[in-house]
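Have a look at the structure below before the remarks.
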Amino acid sequence: MKSAVTFTVLAAAGLTACVSAQPGAPVAMFALPVTGQFGSTPAAGQVTAFNNGVGTFWVMTPGGARCAGEYQVRDPNPALVLTGKCSNGKTGQIVVTRTPDLMSGSAIVRLSNGTRGQFVFGNITYSQAFGAGGTATIR
């Protein structure tokens, strides 16, 4: 009896997983961590690439607004200029530079209220991108 119950639970879980998958929905190919800061406040997030060619990114400070946007995964350029929008209504411009394999890089941000940010993603450390205690200058 115990094995019949176990089989029923496993079968139900498997069917639920099949039903919840939407045919044609984008599938994440990879996700990379994002770390950095807005001003002097630490922030973290993620960049995710999907098989439909659209990538998403987001960063958030603890207890603060979440800022997010999209990019084109298949864009071969090492430098990108992106826009982002935050949950508190602020918008921003993000200048991203990527390594030749496009899997790591840095970003400098300026929000509509003048707040600046610096971030790294993939296998680059903050000090590699901005120096120990360094800051990027946005003009």
message: Take the residues in the stretch 65-87 that are over 15 Å from residue 121 (Cβ atoms) and touching a Cys at 6+ places or on another chain (Cβ under 9 Å); name whichever of them is surrounded by the fewest Cβ atoms within 10 Å (Cβ to Cβ).
response: 87
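Out of all the residues in the stretch 88-102, which are exposed (fewer than 13 other Cβ atoms within 10 Å of the Cβ), in contact with a Gly (Cβ under 9 Å, 6 or more places away or on another chain) and not acidic (Asp, Glu)?
Passing the criteria: only 88.
Only the coordinates and a few stated rules stand behind these numbers; no lab work does. This structure is a prediction, so every number in the text was calculated from the model and none was measured. Glycine also receives a Cβ, built like all others from the backbone with ideal geometry; neighbour counts cover every protein chain displayed.
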